[in-house]
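Report on the structure given below.
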Amino acid sequence: MTAEHTVRKYFPKEAADKILGHSLAGLNEIRIRADKPVMLKYAWGEEAVDVVFGVEDIGRIIRAMAAYSVFAFNEEIRKGYITLDGGYRVGICGKAVVENGCVRTIRDYTSLNIRIPRCVEGCGEKIMTLYEKGFENTLIVSPPGCGKTTLLRDVIRQLSIKGYTVGVCDERGELNGLRNLGPRTDIIEGCKKSDGISILVRALTPDIIAVDELGGDEDRQALYRASHMGVGIIATLHGDKKNNSEFEALFRYVVLLENKKGRGLIKNIYDKMCGCNYDCSELFHIG
């Protein structure tokens, strides 16, 4: 599904026409905030659209995105997002309903952030040069919006083409939304990363497991178990430095990214085996 189709499907016609009156080239996000103009976020900046949604309007958009069965999507919604066909992740804010210290759902929605997925074939070439003598565990680290998922998606595709069997744990359905992860890739979607990693290792005999946006201790333990069984790992993590004590021992390479005006920059690659830092300044398109 393209960005245009997504807008046409979920927005009222008049609002969709106004949004699509702006360029979709380089569009990264569609930001909706109650009682404020819709904002289009590009690689180079933002544009305001002459469309304002209220809380009830945003609720109707969410119900349409959930195929009018919000209850069926509640597990995602309570985590603050919903995933649409094509790998479009929609961030959600509103009134959190808390029971026994846990968020049970979100209601009275006040903000939506529709993130536009990208397929940039070839942006992982620099990472692939690290594997000339065979794959080594790799962690891609960056703050939000620097292209972690875009880069990981292409490296998975290239590893799969090269002959590796890659098992992808796609908890939110983002990585495989564009259906371009290569011919030797097996994907499990919609479950916790720790559960998905366990299923992949037991049932699909992968050479490599790929995971986007690592979390806490459950993820770490699942990856350690997979590593001890001889499975390679490539993953991403939110952060801005190479030292991440929870996961550091798992990985030989740590790849640091930053954003340069809408272009992802492979700023540095750290090789723990030799203690070397490689300043790359390798740009790839993310917007």
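When T129, T138, T110 are checked against the criterion of being outside the structural domain of A226 (by TED's automatic domain parsing), of a type in the set (V, I, T) and either within 30 Å of G264 (Cβ to Cβ) or at pLDDT 85 or above (or both), a single residue qualifies: T110. Per the listing E174, E189, the residue uniquely within 26 Å of E125 (Cβ to Cβ) and in contact with an Asp or Glu (Cβ under 7 Å, 6 or more places away or on another chain) is E174. Reported count of residues in segment 37-65, each being surrounded by fewer than 14 Cβ atoms within 10 Å (Cβ to Cβ) and part of a loop (DSSP other than H, G, I, E, B), is 3. Restricting segment 66-104 to residues that are assigned to a loop (DSSP other than H, G, I, E, B), among the small types (G, A, S) and exposed (fewer than 12 other Cβ atoms within 10 Å of the Cβ) leaves a set whose member that is modelled with the lowest pLDDT is S69.
Within the bounds of segment 9-17, is there any residue that is more than 20 Å from the chain's Cα centre (by Cα), assigned to a helix (DSSP H, G or I) and closer than 26 Å to V120 by Cβ? Within segment 9-17, one or more residues are more than 20 Å from the chain's Cα centre (by Cα), assigned to a helix (DSSP H, G or I) and closer than 26 Å to V120 by Cβ.
Just so you know, in segment 25-69 the residues that are hydroxyl-bearing (S, T, Y) and without any contact (Cβ under 8 Å) to a residue 40 or more places away in the chain include one that is nearest to T2 (Cα to Cα), and it is Y68. The lone criterion from (1) in contact with a helix residue (DSSP H, G or I) (Cβ under 8 Å, 6 or more places away or on another chain); (2) more than 21 Å from E189 (Cα to Cα) left unmet by I116 is number (2). Test V168 against the stated conditions and say whether it is under 19 Å from the mean Cα position of the chain (by Cα), in the same structural domain as I208 (by TED's automatic domain parsing) and under 20 Å from A222 (Cα atoms). Answer is yes for this residue.
Taken together, G182, G147, G196, G163 contain a single residue that is of a type outside the set (D, E, K, R) and touching a residue at least 40 places away in the same chain (Cβ under 8 Å), which is G147.
Restricting to segment 199-238, give me the number of residues that are in contact (Cβ under 8 Å) with a residue 24 or more places away in the chain, of a type outside the set (D, E, K, R), under 18 Å from V166 (Cβ atoms) and out of contact with any Pro (no Cβ under 7 Å at 6 or more places or on another chain).
First, pick out the residues of segment 199-238 that are in contact (Cβ under 8 Å) with a residue 24 or more places away in the chain: 200-201, 204-214, 216-227, 229, 231-238.
This time we only want the ones that are of a type outside the set (D, E, K, R), so: 200-201, 204-206, 208-211, 214, 216, 221-224, 226-227, 229, 231-238.
The next check asks that each one be under 18 Å from V166 (Cβ atoms); those that pass are 200-201, 204-206, 208-211, 214, 222-223, 226-227, 229, 231-236.
Imposing the further condition that a residue be out of contact with any Pro (no Cβ under 7 Å at 6 or more places or on another chain) reduces the set to 201, 204-206, 208-211, 214, 222-223, 226-227, 229, 232-236.
Of the residues in segment 199-238, 19 are in contact (Cβ under 8 Å) with a residue 24 or more places away in the chain, of a type outside the set (D, E, K, R), under 18 Å from V166 (Cβ atoms) and out of contact with any Pro (no Cβ under 7 Å at 6 or more places or on another chain).
Restricted to segment 123-233, the set of helices (runs of 4 or more DSSP H) holding at least 2 residues that are touching a His at 6+ places or on another chain (Cβ under 7 Å) and surrounded by fewer than 23 Cβ atoms within 10 Å (Cβ to Cβ) is empty. Kindly indicate whether Y42 is more than 30 Å from L265 (Cα to Cα) and not charged (D, E, K, R). When the stated conditions are applied, Y42 does not pass them. When segment 186-241 is filtered for residues that are more than 20 Å from L130 (Cα to Cα) and among the hydroxyl-bearing types (S, T, Y), the ones remaining, listed by number, are S194, S198, T205, Y224.
Among the criteria (1) among the hydrophobic types (A, V, I, L, M, F, W, C); (2) touching a residue at least 60 places away in the same chain (Cβ under 8 Å); (3) out of contact with any strand residue (DSSP E or B) (no Cβ under 9 Å at 6 or more places or on another chain), the one C102 does not fulfil is (2).
The values are calculated or read from the model by the stated rules, or taken from the named source; none is laboratory data. Note that the structure is a prediction, hence the values are computed from the model and not measured. All Cβ positions, glycine included, derive from the backbone under ideal geometry; neighbour counts span all protein chains shown.
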